[in-house]
1. For Lys251, give me every one of the lysines with a C-alpha distance below 17 angstrom, ignoring sequence neighbours fewer than eight places off in its own chain.
2. For the stretch 127-138, what does the Karplus curve 6.51 cos²θ - 1.76 cosθ + 1.60, with θ = phi - 60°, yield as ³J(HN,Hα) per residue in whole Hz, taken in order and with x for Gly and Pro?
3. Given the stretch 49-105, report the % of alpha carbon pairs whose separation exceeds 17 Å.
4. Cα atoms only: what Rg and Dmax, in Å, come out for the stretch 142-259?
5. With a 1.4 Å probe and all protein chains left in place, how much of the accessible area of the stretch 101-240 comes from carbon and sulfur atoms, in whole percent?
6. Please work out the C-alpha center-to-center distance from the stretch 189-259 to the stretch 1-78 and express it in whole Å.
7. Quick one: grab the alpha carbon gyration tensor of the stretch 1-109, order the square roots of its eigenvalues as a ≥ b ≥ c, and give me rounded if a/c is under 1.5, else prolate or oblate depending on whether a/b is larger than b/c.
8. Enter the angle in degrees (range 0 to 90, nearest 10) between the Cα long axis of helix 30-43 and the first principal axis of the Cα atoms of the chain, meaning the one along which they spread out most.
Amino acid sequence: MTEGAVTLATEGHVAKVTFDRPEARNAMSRKMYADLQRICDALATRTDIRVAVFRGAGGNSFVAGSDISIFDSFETGHDGIEYEREMEEHTQSVERLSFPTVAVIEGWAVGGGLNIAAACDLRIATPDTRFGVPIARTVGNCLSMLNYSRLVDGFGLSRAKRLLLLGDFIDAAEARQAGFLSDVVQHTALDDHIAILCDRIAANAPLTLQVSKEAIRRLREGNLTEEGEDLIAKAYGSGDFKRGVAAFKSKSKPEWSGS
């Protein structure tokens, strides 16, 4: 079995990140985590990207957790602390991207894969998707505090406890009901749905999206730095704001530049 890869392709303002190890349900190897970090670091410097789509190769799985071989060398609790710190760095590299991110989930989103999906802004799934963190009945490890928080935020307290304490799997319909998913879409309509969604996001004011993402992240983490005045100044002080006001007054469509 290969180590797999995480790859990046761009089409206009859209970045497409693919977890490519379908023979292992896209379970993440060390190499794949390094690929993901490298790609997110590169995307963080891009000014031309308006939205990123994260998707698993093969159409049967988003990401089925971490490759179990990663744990072969673990001997002490400190190994677990270092591992969770490393995983949190990778997850936050997705979460802190300044533009909107979309997780497209087909089949399984398990463990680390569910964590990555939860770090994205919007999530679209097919009806056959299953979400789970069955660590209590499999390897007996745990999550970082931020990943626990993401599950509670995404699924609600009761469902998060089912995922973690019972090792239950939640289907797409229930995940949509919980608010974790934006939409549930049939496989045959998925590509068109994603294209329309990306077009809608890319047509919006980039700085408003950036500021809104950062404000929500601060609220979630309890960080109200200067009451968000830096974010307010960024939006209201931009050329895009002036263009938006002028376009609204002339009843025309604004042309956003991201500055």
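1. Within the straight-line limit of under 17 Å, Lys251 reaches these lysines: Lys242.
2. After applying 6.51 cos²θ - 1.76 cosθ + 1.60, I find x, 8, 5, 10, 10, x, 9, x, 5, 5, 10, 10 Hz.
3. Details: 876 of 1596 pairs.
Result for the distance tail: 55 percent.
4. 19.1, 58
5. Answer for the stretch 101-240: carbon and sulfur cover 55 percent of the accessible area.
6. Here the answer is 27 Å between Cα centres.
7. It comes out oblate by the Cα gyration axes.
8. The helix 30-43 is inclined about 10 degrees to the chain.
The values are calculated or read from the model by the stated rules, or taken from the named source; none is laboratory data. What you see is a predicted model; the values in this text were computed from it and never measured. Glycine gets a Cβ as well: all are built from the backbone with ideal geometry, and neighbour counts include every protein chain shown. Areas reflect the complete protein model, heavy atoms only, side chains present, ligands, DNA and RNA absent. Shrake-Rupley method; radii C 1.70, N 1.55, O 1.52, S 1.80 Å.
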